[in-house]
Amino acid sequence: MSSSNLTDADLAKLNDKDRAEIAQFLAHEQQRGRVQGQTHALTSLCWKKCIAPYSPSGSSSSSSSSTSSSTSSGIRGFFGGSRSAVGNDLDSTEKQCLANCVDRFMDANYATMKHLKTLQNQF
Amino acid sequence: MSESEEVKKTIIKMALAETNTNNARQLMTSINKRCFDYCVPTPGSSFSDGEQQCVKACMEKYIKAWNEVNAAYLRRIQQEVGNQGLNISN
């Protein structure tokens with residue numbers, strides 16, 4: 001049984017205590033997976049609001065070019081107009097923004113659900 | 001170790017590996033999207049040095065942002081559990 005391929009015969013070896021422990025563990029793992037998944041969605045959303053608060057394509061081209069030309073017009077060619085001066089650390093403003101973003105997203109979420117209830121009675 | 005315990009440990013190891021692989025895959029997908037947006041707003045004819053440096057820094061920063069968001073989310077969930085009755089009833 002050194003490989004991770006389990007057979008029905010292997011599963012039959014489980015006693016009740018270990019079965020219960022596995023069930024509990026799997027429930028916990030599922031919960032961990034859900035929280036991680038929600039964290040991924042929130043990070044992606046809040047990254048756009050707090051760290052990269054501009055839309056990179058289409059209508060934003062005027063605003064993004066104006067910011068990059070004001071900061072690094074001389075070396076723009078070399079960096080291809082990209083954001084060159086990106087630190088790998090979060091500053092305190094960004095951290096605060098991320099925390100607020102999560103809390104306000106949850107608030108908006110509850111407000112939507114609450115309003116849905118009143119709409120349901122209306123239609 | 002009993003046979004039962006051996007099977008249990010194998011199952012637990014498999015489940016952990018699956019959650020962790022899934023998490024890493026989702027993280028890489030997000031990083032690729034967000035850091036491409038962030039570092040290559042206007043794709044040129046080559047991947048410049050500046051863009052490469054940006055992607056590396058962005059990746060590290062994104063992971064830090066993930067940890068911040070995760071902490072904030074867990075804090076919020078714990079709060080909600082604390083006053084669940086209040087929030088759901090009204």
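The values are calculated or read from the model by the stated rules, or taken from the named source; none is laboratory data. Nothing here was measured: the structure is a model prediction, and the numbers come from that model. All Cβ positions, even for glycine, are placed from backbone atoms using ideal geometry, and neighbour counts span all protein chains on display.
Search region A:13-29 for residues being assigned to a helix (DSSP H, G or I) and either facing chain B (nearest Cβ under 7 Å) or in contact (Cβ under 8 Å) with a residue 40 or more places away in the chain (or both), and hand back the single one that is farthest from A:LEU90 (Cα to Cα).
Across region A:13-29, the extreme among qualifying residues is A:ASP18.
Using the structure shown, decide if B:GLU18 is in a helix (DSSP H, G or I), of a type in the set (Asp, Glu) and under 15 Å from the mean Cα position of the chain (by Cα).
For B:GLU18, the condition - in a helix (DSSP H, G or I), of a type in the set (Asp, Glu) and under 15 Å from the mean Cα position of the chain (by Cα) - is met.
Matching residues to (1) under 18 Å from A:LEU98 (Cα atoms); (2) touching a Leu at 6+ places or on another chain (Cβ under 7 Å); (3) at pLDDT 95 or above; (4) at the interface with another protein chain (Cβ under 7 Å from one of its Cβ atoms):
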{"site": "B:ASN20", "(1), (2), (3), (4)": "no, no, yes, no"}
{"site": "B:GLN26", "(1), (2), (3), (4)": "no, no, yes, yes"}
{"site": "B:ILE31", "(1), (2), (3), (4)": "yes, no, yes, no"}
{"site": "B:SER46", "(1), (2), (3), (4)": "no, no, yes, no"}
{"site": "B:ILE63", "(1), (2), (3), (4)": "yes, no, yes, no"}
{"site": "B:ASN67", "(1), (2), (3), (4)": "yes, no, yes, no"}
{"site": "B:ALA71", "(1), (2), (3), (4)": "yes, no, yes, no"}
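Any idea which of (1) assigned to a loop (DSSP other than H, G, I, E, B); (2) buried (at least 22 other Cβ atoms within 10 Å of the Cβ) is the one B:THR42 doesn't satisfy?
Failing condition for B:THR42: (2).
Can you find even one residue in region A:30-46 that is over 26 Å from A:PHE105 (Cβ atoms) and within 7 Å of chain B (Cβ to nearest Cβ)?
No, every residue in region A:30-46 fails to be over 26 Å from A:PHE105 (Cβ atoms) and within 7 Å of chain B (Cβ to nearest Cβ).
Quick one: which residue in B:GLU51, B:GLU6 is surrounded by fewer than 17 Cβ atoms within 10 Å (Cβ to Cβ), among the acidic types (Asp, Glu), in a helix (DSSP H, G or I) and at the interface with chain A (Cβ under 7 Å from one of its Cβ atoms)?
Selected residue: B:GLU6, the only one of B:GLU51, B:GLU6 that is surrounded by fewer than 17 Cβ atoms within 10 Å (Cβ to Cβ), among the acidic types (Asp, Glu), in a helix (DSSP H, G or I) and at the interface with chain A (Cβ under 7 Å from one of its Cβ atoms).
Could you tell me whether A:CYS97 is modelled with pLDDT of 95 or more, within 15 Å of the chain's Cα centre (by Cα) and either more than 9 Å from chain B (Cβ to nearest Cβ) or in a loop (DSSP other than H, G, I, E, B) (or both)?
So A:CYS97 passes the test.
Look through A:SER55, A:SER62, A:SER44 and report the one residue that is at pLDDT below 95, of a type in the set (Ser, Thr, Tyr) and assigned to a helix (DSSP H, G or I).
The match here is A:SER62.
Of these, B:CYS35, B:CYS58, which one is buried (at least 16 other Cβ atoms within 10 Å of the Cβ), more than 8 Å from chain A (Cβ to nearest Cβ) and either part of a helix (DSSP H, G or I) or not polar (S, T, N, Q) (or both)?
B:CYS35
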